[in-house]
Amino acid sequence: MDDSLILIPCHNCRKRLGQVLNECRLLDTDIMVVDDGSSDGSAHIPEMEHVRFAVVQEHKGVGHALQEGFRVARQKGYRSVITLDADGAHDPKDIPGMIEYKKQNGVTLVIGNRWHGDLSGLPGCKVSANRFAAGLVRFAGGVNLPDVACGLRVMDVSMTGYFDETDGFGFLYSMLFNVVQKGGTIGSCPVNVRYDASDLWFTKKRELLDLVGLCEKWCSNASVLEKLHRIGDRVRHPELFSVCFSHDSVIRERYVVHPLAAYDGFMFQEQHASFCDCVDQAVCFEEWSRTS
């Protein structure tokens, strides 16, 4: 892994960053932390061998932090870059398997798939929010992946120069669209994930608007675009709404989205098929099988 750089964007993750770094150092590769304007002293973790810190004085978002790291990766001549979150959600032990998956399948980018196997230990609202995001990305840009928001990724450094200058969380989705646009390929590799149940898992309003905005930017289907506009309106003027994804007129997924005014965010819940009253007013994305 001498030609690889582990890149960790960080914003106020001091209490878990040390553990993440110690786990990453077991992989014997270079590590870079980009501190994105943290106010909790994240940038003052004691120096460690093979760990470089870069500090952004003003909080500008995960997209900006990743772009800073990508620039260093290109300048230093690394061939691949591995990104993961600073909050301890990802297990660095999954990285060698992702690198091997990338080599075996010859893809440009590998993104972790957190939603596989037994999901009983994961926050249901977190799973629902991310499946909702995967549905929007699939309908808007034709990128069909089970997990589109996982921060654990392995990619060719050469591709990073083509990524849009998107500062916020939407950058994670923009990367996928950029890779496809440039003729690259994306693979999905099962990874472990660990979430602290003492945290309240919800989607920030800004993050949801970033997702919708990126999907609008890359969408060429007028019908899908109109539905994305409707979702954006409901997010900007917070109200309860529901979204369905159907295939051949059969609803496969349905989500109820609850505004959380106190947190300026939203919580996603998957609706059981027995309760159909929410469907009448839902924003429904319809997919049809191709027939000869």
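Coordinate-derived values only; no laboratory data. This structure is a prediction, so every number in the text was calculated from the model and none was measured. For neighbour counting, all protein chains shown are included, and Cβ atoms are generated from backbone atoms with ideal geometry for every residue, glycine included.
Over the range 203-287, what is the mean sequence separation of C-alpha contacts under 8 Å (at least six apart), divided by residue count, expressed as relative contact order in percent?
So the answer I get is 31 percent.
Extending each Cα 7 Å along its Cβ direction at Asp118 and Ser249, get the distance between those two points in nm, one decimal.
Label-label distance for Asp118 and Ser249, simple model: 4.0 nm.
Can you tell me the alpha carbon radius of gyration of the chain divided by the globular rule-of-thumb value 2.2 N^0.38 Å?
Its radius of gyration relative to the 2.2 N^0.38 Å reference: 1.01.
The range 157-222: which trypsin sites (Lys or Arg not before Pro) are DSSP loop and have at most 13 other beta-carbon atoms within 10 angstrom?
Qualifying residues, ordered by number: Lys182, Arg194.
With n ≥ 4 as the cut-off for DSSP H runs, can you work out [θ] at 222 nm for the chain, using -39500 (n - 2.57) per run divided by the number of residues, rounded to the nearest 500?
After summing the helix terms and dividing by residue count, I get -10500 deg cm²/dmol.
So if I take the centroid of the Cα atoms in the range 9-70 and the same for the range 219-248, what is the distance between those two points in Å?
36
Tell me the relative contact order for the chain as a rounded percent, counting alpha carbon contacts under 8 Å between residues six or more apart.
Result for the chain is 17 percent.
What FRET efficiency, computed as 1/(1 + (r/R0)^6) with R0 = 25 Å and r the Cβ-Cβ distance, is obtained for Arg74 and Asn105, rounded to the nearest 0.05?
Computed FRET efficiency for Arg74 and Asn105 comes out at 0.60.
Loop only per DSSP, at most 13 neighbouring Cβ atoms within 10 Å: give me the trypsin sites (Lys or Arg not before Pro) in the range 1-88, ordered by residue number.
Within the range 1-88, the qualifying trypsin sites (Lys or Arg not before Pro) (loop, at most 13 other Cβ atoms within 10 Å) are Lys76, Arg79.
Would you list which aspartates and glutamates come within 15 Å of Lys182, measuring only between C-alpha atoms, while excluding same-chain residues fewer than 8 positions from it?
Straight-distance partners of Lys182: Asp156, Asp164.
Among the lysines, which fall within straight-line cross-link reach of Lys93, defined as a Cα-Cα distance under 26 Å, with same-chain neighbours fewer than 8 residues apart omitted?
Lys15, Lys76, Lys102, Lys103, Lys126
Report for the range 207-284 the percent antiparallel among DSSP-assigned beta bridges with both residues inside it, nearest 5.
Bridges in the range 207-284 are about 85 percent antiparallel.
Want the number for His258 to His44: 0.36 nm per residue separation, take away the alpha-carbon distance, what's left?
73.3 nm
What fraction of the DSSP beta bridges in the chain is antiparallel, stated in percent and rounded to the nearest 5?
Antiparallel: roughly 45 percent of the beta bridges in the chain.
May I ask you to derive the relative contact order of the range 44-158, considering only C-alpha pairs under 8 Å and at least 6 residues apart, and to give it as an integer percent?
Value for the range 44-158: 37 percent.
Quick check: from the Cα gyration tensor, does the range 203-287 come out rounded (a/c under 1.5), prolate or oblate?
The shape class here is oblate.
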